[in-house]
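Worksheet: one structure, shown below.
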Amino acid sequence: MTNPFNDSMERLRSVVVEAKKMKGITIKNETLKILQEAKRSLHVNFPVKTKKGTEIINGYRVQYNDALGPTKGGLRFHPEVDHDEVKALAFWMTLKNTLVNIPYGGGKGGITINPKEYSQDELEAISREFIRQIHTFIGPRKDIPAPDVYTNPQVMGWMMDEFNKIKGEHLPGVITGKPLSIGGSEGRSFSTAMGGYYVLQEAADQYDINPNKATVAIQGFGNAGMHLAHIAVKDGYKIVAVSDSQGAVYDENGLDVEKVIAQKKKTKTVKDFPGAKNITNEALLELDVDILVPAALANVITEKNAKKIKAKIILELANGPVTFEADKILHKNDVVVLPDILANAGGVTVSYYEWMQNLQGDYWDEKTILNKLNKKMKETFYTLHEDYVKRFDVDFRTAAYVHAILNIQQAMIDKGWI
Ligand code: NAD
């Protein structure tokens, strides 16, 4: 199986080689050296009493690089969480935050559990104990977690509450993606999908995709995937396939997205949606669609299936869905990949707005937030498109990496690290 950290480092080194061919761009050896190591990692193993007895729960928090500010990144609950996966995700956060020009370093965390095996009370106990274990490591000016795969505003609420109890202070800025009633932000719940959609609008414009004729397949029907379907269908896109961990459904005439959402809420799966065909998650990726949206887990498009991808545009709402080897094949086949650190940066951007609101104690309405998000995503898309993609004939991922690395490099030079 692909090791996500090794894969991400291989890609980083290859981008640096590519950057050497770009006139006027210099990435220093010291920059590469620093970016190949996670600055701080905390690995905890802690006991929690569950219905199975006393269990030892395994968790991580990685602060990858803090040249630009406090580290920031999500926390996931998943049985496959390990140190290398969290490091890769924290590295991507490092690039993502600076790519959209927000003053954060990159971090990430995770707990190695299958949340579906636990009751809400058990998940609360695990969440609170995890914070007791890592509370000295995080803080509003140090490292700020947020939701990710299988964590949600409720989990963020428990975690913030536990942190505040330990500190004896009200510090809502320690965590983002909270419920609105306790310092969450308007728009945060669908910001990842919304940010991705703003990027897609510009890409569709540049690559002659007509929303009223375009077809879309979405892998993963959680926070990112479900909201994307809901937003895109309203603008005329035809969502022909969606999936979750249990399988995919396909209807060439377009799915009734609102009904699929209602079914997912009721039965916990999109499978067996009336009138649609059940297909596998693998088959969904290979459908003949205009736009493919991986919105579940990493490494789903690899050198094995990259040749079979027929989509014109891949919008990476998931982190790391396309491997390094697959990227090369897709580029050769003229598939435009809008990379994770651009396509899903809307989530962390609105997290940043949430944090700013928490620190100021002043709250903004949804329209203000979405206008700011739209402007940021569009500006970032055009910076990459004009200054790198068109100028140097590179793919969007190379463009995004080079732009982000140059920003971090400048901060590290100015801080005297290099
Ligand atoms: P989520 O837990 O809300 O949803 C995940 C979805 O993926 C679920 O529908 C689940 O059934 C599905 N899934 C799980 N395993 C699968 C498999 N093997 N095949 C197909 N589907 C599978 O998580 P989310 O927050 O929507 O995150 C999805 C992706 O987006 C992750 O890669 C995450 O890192 C990334 N992301 C999320 C945010 C955010 O704000 N939520 C921000 C940036 C990036």
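The values are calculated or read from the model by the stated rules, or taken from the named source; none is laboratory data. It should be emphasised that the depicted structure is a prediction, and the values quoted were computed from it without experimental measurement. Heads up, the Cβs are rebuilt from the backbone with ideal geometry, glycines too, and the neighbour counts pull from every protein chain shown.
Taking each residue of the range 141-161 that is farther than 23 Å from THR94 by Cα and looking for partners that are at pLDDT below 95 and more than 16 Å from the ligand (Cβ to nearest atom) with beta-carbon atoms closer than 9 Å, six or more apart or interchain, yields nothing.
If you scan the range 310-361, which residues turn out to be basic (Lys, Arg) and either surrounded by 20 or more Cβ atoms within 10 Å (Cβ to Cβ) or part of a helix (DSSP H, G or I) (or both)?
Taking the range 310-361 as the starting set, the residues that turn out to be basic (Lys, Arg) are 310, 312, 328, 332.
Across the range 310-361, the qualifying residues are LYS328, LYS332.
Would you tally the residues in the range 135-159 being within 16 Å of the ligand (Cβ to nearest atom), of a type in the set (Val, Ile, Thr) and within 15 Å of GLY59 (Cβ to Cβ)?
Kept after step one, since they are within 16 Å of the ligand (Cβ to nearest atom), are these residues of the range 135-159: 144-157, 159.
With the extra rule that they be of a type in the set (Val, Ile, Thr), the set shrinks to 144, 149, 151, 155.
The next check asks that each one be within 15 Å of GLY59 (Cβ to Cβ); those that pass are 149, 151, 155.
Of the residues in the range 135-159, 3 are within 16 Å of the ligand (Cβ to nearest atom), of a type in the set (Val, Ile, Thr) and within 15 Å of GLY59 (Cβ to Cβ).
In the set (1) within 19 Å of ILE314 (Cα to Cα); (2) modelled with pLDDT of 95 or more, ASP393 fails one condition alone, (2). Among the residues of the range 165-176, are any over 20 Å from PRO294 (Cα atoms), more than 15 Å from the ligand (Cβ to nearest atom) and of a type in the set (Asp, Glu)? Within the range 165-176, one or more residues are over 20 Å from PRO294 (Cα atoms), more than 15 Å from the ligand (Cβ to nearest atom) and of a type in the set (Asp, Glu). Annotation note: Cβ proximity below 8 Å between a residue of the range 339-366 that is under 11 Å from PRO172 (Cβ atoms) and touching a residue at least 60 places away in the same chain (Cβ under 8 Å) and a residue that is away from the ligand (no atom under 16 Å from the Cβ) and in a loop (DSSP other than H, G, I, E, B) (sequence gap 6+ or interchain) occurs for GLU354/GLY183; TRP355/PRO140; GLN357/GLY183; GLN357/TYR363; GLN357/TRP364; ASN358/PRO140; ASN358/GLY183; LEU359/PRO140. Which of the residues spanning the range 386-418 are of a type in the set (A, V, I, L, M) and within 18 Å of ASP327 (Cα to Cα)? Answer for the range 386-418, where residues must be of a type in the set (A, V, I, L, M) and within 18 Å of ASP327 (Cα to Cα): VAL389, VAL394, ALA399, ALA400, VAL402. Residue count for the range 193-210 under the criterion of being of a type in the set (Ser, Thr, Tyr) and closer than 15 Å to THR380 by Cα: the result is 2. How many of the residues in the range 117-130 are part of a helix (DSSP H, G or I), away from the ligand (no atom under 16 Å from the Cβ) and either closer than 20 Å to LEU89 by Cα or polar (S, T, N, Q) (or both)? Counting residues in the range 117-130 that are part of a helix (DSSP H, G or I), away from the ligand (no atom under 16 Å from the Cβ) and either closer than 20 Å to LEU89 by Cα or polar (S, T, N, Q) (or both) gives 1.
Within the range 263-309, how many residues are under 20 Å from the mean Cα position of the chain (by Cα) and either loosely packed, with under 14 Cβ neighbours inside 10 Å or farther than 29 Å from TYR198 by Cβ (or both)? Residues that pass the stated criteria total 0. So which residues in the range 27-46 are in a strand (DSSP E or B) and in contact (Cβ under 8 Å) with a residue 60 or more places away in the chain? Those that are in a strand (DSSP E or B) and in contact (Cβ under 8 Å) with a residue 60 or more places away in the chain: ARG40, LEU42, VAL44, PHE46.
VAL335 falls short on exactly one of the conditions (1) more than 16 Å from the ligand (Cβ to nearest atom); (2) among the aliphatic types (A, V, I, L, M); (3) more than 23 Å from the chain's Cα centre (by Cα), and that condition is (3). Scanning the range 274-309 for residues that are more than 14 Å from the ligand (Cβ to nearest atom), within 30 Å of ALA90 (Cβ to Cβ) and part of a strand (DSSP E or B) yields a count of 1.
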